[in-house]
Amino acid sequence: MSAPQHWLDRWIERLPARFQQGKMPYAVSFASLVILILLFFAAFSPYQHASVLFLPMAALLVLLLLAIRFGMALELAVHIATTAGLLVVLYATWHAGGVFSPRLGWMLMLPLTPFYVNGRRAGMAWFGIVLLAQLSMAAATYAGLIPAFEVGEAHVLSSWFTFSMVTGVLIIVPLIYERQHTRVLAETQAHQN
């Protein structure tokens, strides 16, 4: 009797054939998770311009998934999405307290997908870009260039949710990748036997 199928394996089996190959299941799973988070933030964020900021980013990710399905290189799509993500996080952070904003935590995720999908060199390059962006945000905050931000009870739930989601994604991303790696390794060994 075979072991019950993991939910991730069942989900991947329902994806189009192009999304089931190589690193695609990881990229599609991660993009889907980010789209869901963006939609949640667009609906429930206390920030005035949340939907204007997060809905276009979710739409861009959907468009990139469609472009990948029809032949766009995954590596290029990862760089486009990561660049757009950096811009969104910088904008949100700038308007939510600069270096003191919990939104800055989302930058922790930015190098992950380039690292897992495009390789170590791309991941390290994005790591350097993120460190420079964080340093720039700290310098702008120190220089008083960041607009005044009123902290209040309305931001407690949003800040807690931000930190919780970043923490969750930082553990889920490697788990998804590890699951995919284990699956591909098992398939490779089965073909060799």
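The values are calculated or read from the model by the stated rules, or taken from the named source; none is laboratory data. The shown structure was predicted, so the numbers you read here are calculated from the model rather than taken from an experiment. We place every Cβ from the backbone using ideal geometry, glycine too, and count neighbours over all the protein chains shown. The area values use the complete protein model at the heavy-atom level, side chains included, leaving out ligands, DNA and RNA. Shrake-Rupley method; radii C 1.70, N 1.55, O 1.52, S 1.80 Å.
Kindly indicate whether any position in the stretch 123-138 is modelled with pLDDT under 95, open to solvent by 70 Å² or more (accessible area, probe 1.4 Å), among the aliphatic types (A, V, I, L, M) and not in a helix (DSSP H, G or I).
Checking the stretch 123-138: not a single residue is modelled with pLDDT under 95, open to solvent by 70 Å² or more (accessible area, probe 1.4 Å), among the aliphatic types (A, V, I, L, M) and not in a helix (DSSP H, G or I).
Do we have Ser29 as polar (S, T, N, Q) and open to solvent by less than 20 Å² (accessible area, probe 1.4 Å) here?
Against the criterion (polar (S, T, N, Q) and open to solvent by less than 20 Å² (accessible area, probe 1.4 Å)), Ser29 qualifies.
Going through the stretch 12-26 one residue at a time, which ones are crowded, with 18+ Cβ neighbours inside 10 Å and of a type in the set (D, E, K, R)?
Answer for the stretch 12-26, where residues must be crowded, with 18+ Cβ neighbours inside 10 Å and of a type in the set (D, E, K, R): just Lys23.
Output the qualifying pairs, or none if there are none: Cβ atoms under 7 angstrom, residues six or more apart or on different chains, first residue in the stretch 164-187 and surrounded by 14 or more Cβ atoms within 10 Å (Cβ to Cβ), second residue modelled with pLDDT under 70.
Every condition considered, the pairs that remain are Ile176/Leu8; Arg179/Leu8.
How many residues does the stretch 73-114 contain that are farther than 15 Å from Thr162 by Cα, within 12 Å of the chain's Cα centre (by Cα), surrounded by fewer than 21 Cβ atoms within 10 Å (Cβ to Cβ) and at pLDDT below 90?
Residues that pass the stated criteria total 1.
Cβ-Cβ below 6 Å, separation at least six or inter-chain, first residue in the stretch 90-114 and in contact (Cβ under 8 Å) with a residue 24 or more places away in the chain and under 24 Å from His79 (Cα atoms), second open to solvent by less than 20 Å² (accessible area, probe 1.4 Å) and assigned to a loop (DSSP other than H, G, I, E, B): which pairs?
Thr93/Ser101; Arg103/Ala96
Take the residues in the stretch 139-154 that are without any contact (Cβ under 8 Å) to a residue 60 or more places away in the chain and hydrophobic (A, V, I, L, M, F, W, C), then tell me which one is least open to solvent (accessible area, probe 1.4 Å).
So, considering only residues that are without any contact (Cβ under 8 Å) to a residue 60 or more places away in the chain and hydrophobic (A, V, I, L, M, F, W, C), the one least open to solvent (accessible area, probe 1.4 Å) is Ala140.
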